[in-house]
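A.B. asks: Below are the structure tokens for one structure; questions will follow.
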Amino acid sequence: MTPLNITHSDTAAGPVLHVTGELDHARATALRQRTERLALRPGQCLTLDLSGLEFCDSTGITALLAARQHALAAHADIVLAAVPPALLRVLTIVGLDQVFTLRPSGKPPVA
């Protein structure tokens, strides 16, 4: 098992959380708590860079949805960037590719 690691950086467009490791039942709470502590402003874009994500179960997907709710409540946007192929397949099958904005790279949008 690979531990979950979440690092934070700020860009002109908004905060970026780099999520690496395994996002599963035992670790999803860490992502939820981290996103809930982010102070987002209207118009910002929260980017979740998933390029280092090795595994994501249904609890992890729920944490991604909670991050989306947090962003929307702040009148901000959210982007999932560099989604690994296995997770992208699941998101597509369940229709969440229509709910989240997906971007191929972890680079934030230009503000």
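A.B. asks: How many residues are open to solvent by less than 70 Å² (accessible area, probe 1.4 Å) and more than 17 Å from Ala76 (Cβ to Cβ) if we restrict to the range 1-37?
C.D. replies: Summing the residues that are open to solvent by less than 70 Å² (accessible area, probe 1.4 Å) and more than 17 Å from Ala76 (Cβ to Cβ) in the range 1-37 gives 14.
A.B. asks: Now for a separate question. Could you go through the range 20-29 and let me know if any residue there is under 12 Å from the mean Cα position of the chain (by Cα) and touching a residue at least 40 places away in the same chain (Cβ under 8 Å).
C.D. replies: Restricting attention to the range 20-29, the residues satisfying the condition of being under 12 Å from the mean Cα position of the chain (by Cα) are 20, 23, 28.
With touching a residue at least 40 places away in the same chain (Cβ under 8 Å) added as a condition, the list becomes 23.
For the range 20-29, residues under 12 Å from the mean Cα position of the chain (by Cα) and touching a residue at least 40 places away in the same chain (Cβ under 8 Å): present.
A.B. asks: Within the range 1-14, how many residues turn out to be more than 15 Å from Gln33 (Cα to Cα) and assigned to a strand (DSSP E or B)?
C.D. replies: So the count comes out to 2.
The values are calculated or read from the model by the stated rules, or taken from the named source; none is laboratory data. Computed from a predicted model, the values in this text were never measured in an experiment. Every residue, glycine as well, gets a Cβ built from its backbone with ideal geometry; the counts of neighbours run over all protein chains shown. SASA here: full protein model, heavy atoms, side chains in, ligands and nucleic acids out. Shrake-Rupley method; radii C 1.70, N 1.55, O 1.52, S 1.80 Å.
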